[in-house]
Amino acid sequence: MEAKESGLADLPPKVLVMIFRRMPFAERLRMSAVCRHWNRLIFEHFRDRILLHLEDGKLVLDVPRGALCGDRKYANVRLIGAFAETLLYTNELRFGALRDHVRHLHLVVICLDVDLLAELLRKFANLQTLILFVENFQTNGSVRIVREGTLPNIRIFEGKGLLPSLQSLSLDQVGSTSKTGLTAFLKIMRQRNLPSVRHITMTCMGKNSNFRRNPTWLAWLNEFAPVLHSLNIDFMHSFMMARFFALNFPNLKALTLRMFALSPILFPSMDPFWPELSVLELERFEQFLSRLVSLNSLRIALRDVHFGEVADAIYSMDHLQELTVELVCEPNCANPLQLEDIWYMKNLRKLAIFCDHIEYPSVDRIKPMPLVKDLTLGKVKQIDFDTLKAVFPCVKILDVRQCPTVPLPDLAKSWRSLENLSLNLDQPSYAEDLIYLFGLRKLRVLRVFSKKGFVDRVKFVLGFASLEQLYLDGVWEGSLEPPHLNLSCRLFLNDIRF
């Protein structure tokens with residue numbers, strides 16, 4: 001389609017952007033090839049959703065002509081290669097076209113020398129987000145870095161560090177690494193070279209990683225501690241916990257912390273272990289939480305046997321606005337999550353609970369929490385909606401997609417003012433029970449998941465006068481072709497507008 005032939009050439013830019021916004025993503029991206037004007041509009045308004053995927057060995061064939069021209073300003077790039085040398089020396093011109101515009105870089109490399117990592121990163125001086133996945137660090141130049149304390153091949157930008165604009169650093173994997181290689185890597189990534197970093201994610205504790213066993217990373221993390229706003233650590237050895245809990249994060253706003261081993265069945269690449277937290281470690285954990293005076297959001301995952309010992313410390317954080325708790329139990333053993341005393345979190349707005357069993361408080365002990373508007377329940381085998389309604393009377397957003405059974409009649413009776421509801425429709429009677437949702441007179445958003453759903457079974461929900469958005473996630477058969485009973489309701493299939 002040519003812009004002139006379609007009659008769209010003279011439309012104002014605002015109108016064109018509105019049209020593009022209503023298109024499916026693939027169609028919108030194809031429209032960027034019509035003319036430079038449309039290309040500029042699409043990359044100006046939607047570039048955060050466009051990812052350029054570059055993989056060595058496939059670059060010449062898979063990247064179309066013009067994809068890396070100056071008119072296409074990519075903000076998100078994923079680089080995948082077996083060796084850093086391939087990425088560096090075969091793609092020098094490509095990096096030149098990308099460097100000024102890339103804001104988010106996902107780097108996946110099998111083998112990487114620390115020197116080459118520095119050389120690669122300095123080609124993207126304006127990075128704001130870096131995700132790093134490295135299977136093996138080669139240490140050809142690392143010994144020199146450790147002995148001399150210098151960083152070869154690194155050009156410091158006006159004395160501001162290696163990546164002066166980097167705000168978020170994620171270590172997805174730091175694989176088999178010698179002590180020398182790890183020390184050299186951490187020297188490159190230290191705080192003075194990344195002065196703007198405020199968000200760190202560490203999921204890099206793989207099966208063969210020395211990173212998780214070497215306490216050097218604690219000293220590295222401590223350099224960032226005074227300025228961090230968010231921290232996510234997914235995996236820790238128990239003997240590191242006490243040292244980690246001694247760190248101080250005075251400005252931390254969001255913390256995600258996992259303190260249990262991953263299942264060897266679900267995660268066979270990980271080393272399974274079930275660390276027993278000592279009394280000393282639990283005491284230091286409680287002290288650690290008490291120092292997080294600026295924290296607004298806490299996501300914590302730990303063994304169910306330990307939650308009862310730390311529940312008081314968590315529930316006493318009355319400044320928290322968001323709390324997510326995930327309890328992992330050993331086979332044939334499940335300890336419940338106690339809701340008793342959660343009402344002392346007087347500023348809590350959003351709560352998510354993932355556990356097999358909940359120990360509900362007695363009615364006479366309950367103190368309502370009217371500020372909680374957003375509630376998520378996952379894995380819970382028995383849901384007492386009457387008690388939950390008494391504790392959280394003003395819930396507007398409810399997500400129960402990950403619960404094995406949900407009594408929809410009780411749900412609809414408990415919170416008649418629900419505005420946003422997410423369900424799993426794979427239970428046999430759920431499709432018939434959806435009729436009870438007619439009692440939710442203020443329901444605006446309904447999200448339904450199914451592994452094998454039939455559209456005909458949910459079509460009638462379009463008769464809800466208040467419904468504005470219907471999301472069908474998973475695998476669905478059938479058609480939702482218009483017209484509908486509710487013409488103002490927008491339909492989405494796996495988040496793509498229908």
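Backbone phi angles across the range 342-351, fed through the Karplus curve with coefficients 6.51, -1.76 and 1.60 (θ = phi - 60°), yield HN-Hα couplings of 5, 5, 6, 7, 5, 9, 5, 10, 9, 9 Hz in residue order; Gly and Pro are listed as x. Pairs from the list Lys389/Lys413; Lys367/Lys389; Lys381/Lys452; Lys253/Lys346; Lys373/Lys451; Lys346/Lys442 with a Cα-Cα gap above 19 Å: Lys381/Lys452; Lys373/Lys451; Lys346/Lys442. Rounded to whole numbers, the Karplus 3J(HN,Hα) couplings from phi for the range 408-416 are 4, x, 5, 4, 5, 6, 6, 10, 6 Hz, using 6.51 cos²θ - 1.76 cosθ + 1.60 with θ = phi - 60°, and x at Gly and Pro. Both radii were evaluated on the Cα set of the range 332-437; the Rg over Rh quotient, with Rh as the Kirkwood radius, amounts to 0.95.
Applying both filters, DSSP loop and at most 16 other Cβ atoms within 10 Å, to the trypsin sites (Lys or Arg not before Pro) of the range 441-483 gives Arg441, Lys442, Arg444.
Each reported figure results from applying straightforward, stated rules to the coordinates on display, with no laboratory input. Every value quoted in this text rests on a predicted model; they were computed, and no experiment measured them. Here the Cβ is made from the backbone with ideal geometry for all residues, glycine too, and neighbour counts use every protein chain on show.
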